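The values are calculated or read from the model by the stated rules, or taken from the named source; none is laboratory data. All values derive from a computational prediction rather than experimental measurement. Ideal geometry is used to build each Cβ from the backbone, glycine not excepted, and the neighbour counts take in all protein chains shown.
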Amino acid sequence: MNTPTLRDLGEDALVARLIQDLPLSGDVIAGAGDDCAVLESPDPDRYELLKTDCVVEGVHFFPGTPGESVGWKALCRAVSDIAAMGGVPRAALVTLVAPPDRPVTEIEAWFRGLAKAAREYGVSVVGGETSAPAPGSDSAMLSITLTGWVEKDRCVFRHGARPGDEIFVTGVLGGTLSGHHLHFRPRLEEARWLVHEHRPVAMMDLSDGLARDLRRLALAGGVGFRIETGSLPCRDGSSVAEALGDGEDYELLFCLPAEEGDVLLAAWSEKFPGVSLSRIGRVTTADEGFHFLDVEGECARIPEGWGHFSH
């Protein structure tokens with residue numbers, strides 16, 4: 001019998017297989033499976049948030065990418081996950097892996113971009129680690145571990161959606177490789193406003209494409225969904241398929257009770273006139289499954305979205 005490979009399993013199945021026997025102490029509110037780990041805090045009114053993420057050369061950026069863009073993306077990916085919990089980022093550790101013959105000026109540019117993002121989002125960079133890759137490898141990597149916090153009564157998980165809730169997404173989707181994935185701005189301010197003013201019942205950030213990430217949100221809550229693809233906010237020049245599957249959008253995907261949707265849309269347009277907000281569908285029961293419907297009400301052909309180990 002052949003042993004399955006990482007490609008055979010795929011990212012989600014691999015994570016589920018790896019974490020099933022990992023220990024969790026009683027102060028862990030949420031472990032693997034949400035945008036951040038959530039832990040009890042010495043402050044009785046807050047949770048601590050913990051996130052790790054990385055950008056790998058040849059996977060998340062190409063050789064020759066402007067160095068400051070690499071550093072900006074590395075930190076902002078983690079900030080986006082803190083935002084998805086409704087939280088505030090606090091402190092970061094940075095691990096650098098680079099071959100010995102890499103020019104120092106290139107690495108310095110990475111850290112200038114990282115420092116720029118840290119100043120923008122109030123993050124203290126407090127330490128880290130450096131290493132060379134295995135002999136013969138020319139690939140480099142920046143890995144970020146980020147802490148944060150959120151008020152206990154404002155923390156939003158992936159699993160809270162219920163049938164009848166409406167589904168929303170911020171910004172525009174698709175066409176990210178044209179440059180957006182290097183210059184995006186995490187929706188930190190928008191998320192903080194949402195959790196204080198309108199309390200989403202479920203939320204996550206979009207990193208692997210709407211089609212894949214929405215399934216994750218639905219599975220976490222044990223629900224289904226119906227998405228009207230004609231309502232998707234496609235970036236100029238992008239198709240519906242690209243909006244669903246390109247990934248690296250770093251927008252917020254969230255659910256809200258249906259009676260609050262119109263109020264939210266009106267308030268949003270006043271608060272964030274430069275950022276669109278789109279109502280794209282509705283949560284259904286799990287028995288109804290996952291449906292992406294075109295303008296004629298027929299099931300649209302849906303791309304899988306980005307998955308590590310599938311390429």
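Some observations on this one:
- Unmet criterion (only one of (1) outside the structural domain of Pro103 (by TED's automatic domain parsing); (2) closer than 30 Å to Pro103 by Cα; (3) in contact with a Lys or Arg (Cβ under 9 Å, 6 or more places away or on another chain); (4) modelled with pLDDT under 95) for Asp138: (1)
- Tally of residues being within 21 Å of the chain's Cα centre (by Cα) and either of a type in the set (Asp, Glu) or closer than 30 Å to Phe254 by Cβ (or both) across the stretch 127-155: 13
- Identity of the residue in the stretch 49-78, out of contact with any Leu (no Cβ under 6 Å at 6 or more places or on another chain) and in a helix (DSSP H, G or I), that ends up farthest from Arg112 (Cα to Cα): Arg77
- Among the candidates Glu129, Glu151, the residue that is farther than 21 Å from Thr65 by Cβ and surrounded by fewer than 15 Cβ atoms within 10 Å (Cβ to Cβ) is uniquely Glu129.
- Selected residue (only one of Leu182, Leu219, Leu232 is crowded, with 18+ Cβ neighbours inside 10 Å and closer than 21 Å to Asp81 by Cα): Leu182
- Comparison of Val28, Val56, Val70 shows that the only residue that is of a type outside the set (S, T, N, Q), surrounded by 20 or more Cβ atoms within 10 Å (Cβ to Cβ) and not assigned by TED's automatic domain parsing to the domain that holds Ala218 is Val70.
- Residue in the stretch 194-208 that is among the acidic types (Asp, Glu) and in a loop (DSSP other than H, G, I, E, B) present: yes
- Candidates in the stretch 34-48 are the residues that are part of a loop (DSSP other than H, G, I, E, B) and in contact with a strand residue (DSSP E or B) (Cβ under 7 Å, 6 or more places away or on another chain); of these, the one that is farthest from Phe254 (Cα to Cα) is Ser41.
For every residue, the table says whether it meets (1) over 23 Å from Trp193 (Cβ atoms); (2) at pLDDT 95 or above.
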| residue | (1), (2) |
| --- | --- |
| Met1 | yes, no |
| Ala13 | yes, no |
| Ala16 | yes, no |
| Glu40 | yes, yes |
| Asp45 | no, yes |
| Leu50 | yes, yes |
| Glu57 | yes, no |
| Ser69 | yes, yes |
| Ala83 | no, yes |
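- Identity of the residue in the stretch 78-116, closer than 23 Å to Val38 by Cβ and in contact with a Phe, Trp or Tyr (Cβ under 7 Å, 6 or more places away or on another chain), that ends up surrounded by the fewest Cβ atoms within 10 Å (Cβ to Cβ): Arg90
- Any hit, the stretch 165-185, residues being in a helix (DSSP H, G or I), under 20 Å from Gly261 (Cβ atoms) and among the small types (Gly, Ala, Ser): no
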